[in-house]
Structure formats: structure tokens, C-alpha cells
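S.K.: Okay, here's the structure, questions in a sec.
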Amino acid sequence: MVINVKVQCIYYSASRTTQRILDKVAEGTGMMVLPAVDITNPKTRKTFDGKMDADLVIVGSAVYEGSIPFIAMEPFLKLEGKGKWAVPVGVYGNRSAEAYISELSKLLRDREFKIIAGAQFVAQHSYNHDALAKAGAIGRPDEADLELAHSLGGKIAEKMVDPVEADIEGKPLKFGDKYKNRSEWVGERLKKMIMGPTYNADKCIQCNECVEACPIEAVDPSTYATDEDTCIKCMACIKVCPTDAKTVKFPPMVSQFMNGWGQERKEPMLYL
Ligand SMILES: Cc1cc2nc3c(=O)[nH]c(=O)nc-3n(C[C@H](O)[C@H](O)[C@H](O)COP(=O)(O)O)c2cc1C
Ligand code: SF4
Ligand code: SF4
């Protein structure tokens with residue numbers, strides 16, 4: 001166990017699987033865990049100045065279209081590494097994380113962090129919904145995923161005793177130069193493919209959960225309707241709605257395509 005080293009997470013996690021995994025990694029280090037910076041919250045994104053208080057920073061988000069969600073890009077690009085240690089972590093929905101881990105690793109190195117480790121975890125796909133698609137990784141992260149996340153924290157703590165940068169030669173952590181270009185188009189394509197959630201006023205109990213869960217303030221706080229132009233199709237409002245008043249319709253072709261992602265169990269990857 002390392003003494004006098006503090007750890008802190010920063011994450012974007014609309015449906016909270018990334019948060020659960022990163023918190024577990026932080027807990028597994030056995031270090032003092034500082035309060036996380038949750039950039040899912042629009043107010044936090046606006047006020048975040050890029051400074052992290054801890055010596056070791058765990059940085060992660062959901063994977064959107066194989067890349068860093070554009071909504072997380074602005075706060076990530078503000079991060080000030082100043083030689084601190086970082087752990088990039090991507091959480092994807094059993095389809096593919098594509099270049100995510102390379103891109104986040106490169107972004108953090110550009111921000112003057114040193115990479116001590118990295119990881120890619122699998123979690124239930126945001127688009128998994130009873131009425132829609134059996135998209136990937138139902139029920140994940142499961143016990144095995146969370147145990148692995150915890151043990152990754154332990155391994156990082158061991159490395160922090162006498163820290164050296166992760167050997168990135170030949171590993172995906174080495175690449176990712178294109179992260180800036182990708183962020184420009186990711187999201188726009190989705191907006192055209194899928195309509196945002198619809199709302200059934202008869203089922204609504206006005207609990208406000210959808211307003212609070214929306215990472216981009218696309219739910220009208222008085223009518224609970226979705227602003228189609230703002231909505232980024234993260235499905236957080238559907239996940240939190242206790243009465244199924246919120247729902248979304250995918251074109252049959254999209255549902256069919258998504259069903260395929262649940263077929264094969266993919267395992268997390270650790271880079272140390
Ligand atoms: C807009 C959007 C795009 C996504 N793109 C991918 C993808 O390219 N590959 C994949 O495996 N999962 C993809 N997912 C699924 C999420 O990465 C996955 O469900 C993740 O666990 C969500 O994290 P969160 O619970 O922290 O929001 C996408 C989800 C959304 C909402
Ligand atoms: S309104 Fe759109 S962006 Fe907001 S939580 Fe719902 S799906 Fe996500
Ligand atoms: S979460 Fe559901 S029930 Fe609650 S305010 Fe939103 S639509 Fe209504």
C-alpha cells in the first residue's frame with residue numbers, strides 16, 4: 001500500500017457504468033480517494049478549470065462511436081498534467097472500443113501527464129432496452145469486471161511505489177494522434193440515425209429524474225419534452241425514468257444491428 005499518494009477520478013458517465021468502474025479502480029489502489037470530478041454534469045463541465053488535486057488521476061468515459069464522446073472532449077482538453085500520473089480508461093458496450101484507449105492516452109500525454117497504466121472495460125450498452133434491442137453486455141459490469149477493476153487499482157498502487165511510465169511500445173497506448181479530428185464528427189452522425197426519446201405525459205410522475213440525468217440539458221424542466229436538436233442520444237433519461245414515461249424508437253434496421261453486439265462476451269483489457 002502506498003502512503004501519501006492521493007487518487008482522483010474524472011469521468012463522463014451518462015448511464016453510470018463508467019463511474020462504477022473508475023470508482024472501483026480508485027478504491028482498489030488503497031490510497032486516499034479525493035472527490036471525483038463528474039463532467040457528466042453540465043455545470044461541472046462549465047466551471048471545470050482543468051486542475052486536479054491528486055497525484056494520480058484516473059480519467060475515463062463511455063466510448064461513443066469508438067471514440068471519446070465530444071461532450072467529454074472540452075473538459076479533457078483543459079486537463080493540466082504537469083507531470084502527474086494518469087490512467088486512461090474506456091468503457092464500451094461490447095461492440096468495440098476502436099481507437100478510444102489510444103486517443104485518450106495520446107490526449108493525456110499531450111496534456112503533460114505520464115501514463116502509468118490504462119484499461120478498457122466492458123459494460124451494458126446504453127442502447128440496451130427491453131423494448132428496443134438486446135445490445136451488448138447486459139448486466140455488466142458484473143462481479144468479475146468489478147473485481148478486475150479493483151485488482152487493477154492494486155497493481156497501479158504497487159507501480160506507484162517506484163513509478164515508471166507504462167511500456168507503450170507496441171501497445172495501443174502509443175497511438176491516437178487523430179483524436180482531435182475524430183471528435184469533430186462523432187455525434188453528428190448519430191443524431192441523424194436515431195430520434196431522441198419521446199415522452200408520455202400520462203405516465204409521468206414529475207419526479208424530475210430525467211432533467212437531472214441529462215448531461216446536456218436537453219430535457220425541458222417544465223414539460224419534460226426532449227429538445228431534438230440538443231439531445232445526444234445517450235439514453236440516460238430513459239434509464240432513470242421510474243415509470244417508463246420516456247422511451248425511444250429505433251428503426252428496425254438499427255435494432256437488428258444492435259442485437260448482434262450482445263452475442264459474444266468481450267473481456268476487459270489492462271495495459272500496465
Ligand atoms: C452515443 C453512443 C455511442 C456509443 N458507441 C459505442 C461504440 O462505438 N462501441 C461500443 O461498444 N459501445 C458504444 N456505446 C455504448 C457505451 O459505450 C457503453 O454502454 C458504456 O458502458 C456507457 O457508459 P456510461 O454508463 O458510463 O454512460 C455507445 C453509447 C452511446 C450512448
Ligand atoms: S434527452 Fe437526450 S441527451 Fe438528454 S438524457 Fe435523454 S437521451 Fe440523453
Ligand atoms: S423521469 Fe419519467 S416520470 Fe420522472 S419527470 Fe422524467 S418523464 Fe416524468
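S.K.: For the subset of region 202-222 comprising residues that are assigned to a loop (DSSP other than H, G, I, E, B), in contact (Cβ under 8 Å) with a residue 24 or more places away in the chain and in contact with a Phe, Trp or Tyr (Cβ under 8 Å, 6 or more places away or on another chain), which member is farthest from ligand 2 (Cβ to nearest atom)?
M.R.: The qualifying residue farthest from ligand 2 (Cβ to nearest atom) is Cys204.
Let's see how each residue does on (1) within 12 Å of ligand 1 (Cβ to nearest atom); (2) under 30 Å from Glu158 (Cα atoms):
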residue	(1), (2)
Pro221	no, no
Ala225	no, no
Lys233	yes, no
Lys239	yes, no
Thr243	no, no
Gln263	no, no
Glu267	no, yes
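S.K.: Return the pair list, or none, for Cβ contacts closer than 6 Å from residues in region 255-267 that are closer than 15 Å to Tyr92 by Cα to residues that are aliphatic (A, V, I, L, M) and modelled with pLDDT of 85 or more, at least 6 apart or on different chains.
M.R.: Lys266/Val122
S.K.: Of all residues in region 10-34 being assigned to a loop (DSSP other than H, G, I, E, B) and polar (S, T, N, Q), which is surrounded by the most Cβ atoms within 10 Å (Cβ to Cβ)?
M.R.: Across region 10-34, the extreme among qualifying residues is Ser13.
Residues are listed down the side, and each one gets a yes or a no for (1) under 20 Å from Asp142 (Cβ atoms); (2) among the charged types (D, E, K, R); (3) in contact (Cβ under 8 Å) with a residue 40 or more places away in the chain:
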{"position": "Gly30", "(1), (2), (3)": "no, no, yes"}
{"position": "Ala36", "(1), (2), (3)": "no, no, no"}
{"position": "Thr40", "(1), (2), (3)": "no, no, yes"}
{"position": "Lys46", "(1), (2), (3)": "no, yes, no"}
{"position": "Ala54", "(1), (2), (3)": "no, no, yes"}
{"position": "Val57", "(1), (2), (3)": "no, no, yes"}
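S.K.: Search region 28-77 for residues being touching a strand residue (DSSP E or B) at 6+ places or on another chain (Cβ under 8 Å) and polar (S, T, N, Q), and hand back the single one that is farthest from ligand 3 (Cβ to nearest atom).
M.R.: Applying the filter and picking the extreme gives Thr29.
S.K.: Next question. Restricting attention to region 56-71, and to residues there that are assigned to a loop (DSSP other than H, G, I, E, B) and under 23 Å from Ala26 (Cα atoms), which single residue is modelled with the highest pLDDT? Steps first, please.
M.R.: In the first step, residues of region 56-71 are kept if they are assigned to a loop (DSSP other than H, G, I, E, B); the result is 63, 65-66, 68-69.
Checking the rest, the ones that are also under 23 Å from Ala26 (Cα atoms) come to 63, 68-69.
Numbers: Val63: 95, Ile68: 92, Pro69: 92.
Applying the filter and picking the extreme gives Val63.
S.K.: What's the number of the only condition in (1) within 16 Å of ligand 1 (Cβ to nearest atom); (2) buried (at least 24 other Cβ atoms within 10 Å of the Cβ) that Val7 fails to meet?
M.R.: The one condition Val7 does not meet is (1).
The values are calculated or read from the model by the stated rules, or taken from the named source; none is laboratory data. On a predicted model such as this, the values are computed, not experimentally measured, just so you know. Every residue, glycine among them, receives a Cβ derived from its backbone with ideal geometry; neighbour counts consider all protein chains shown.
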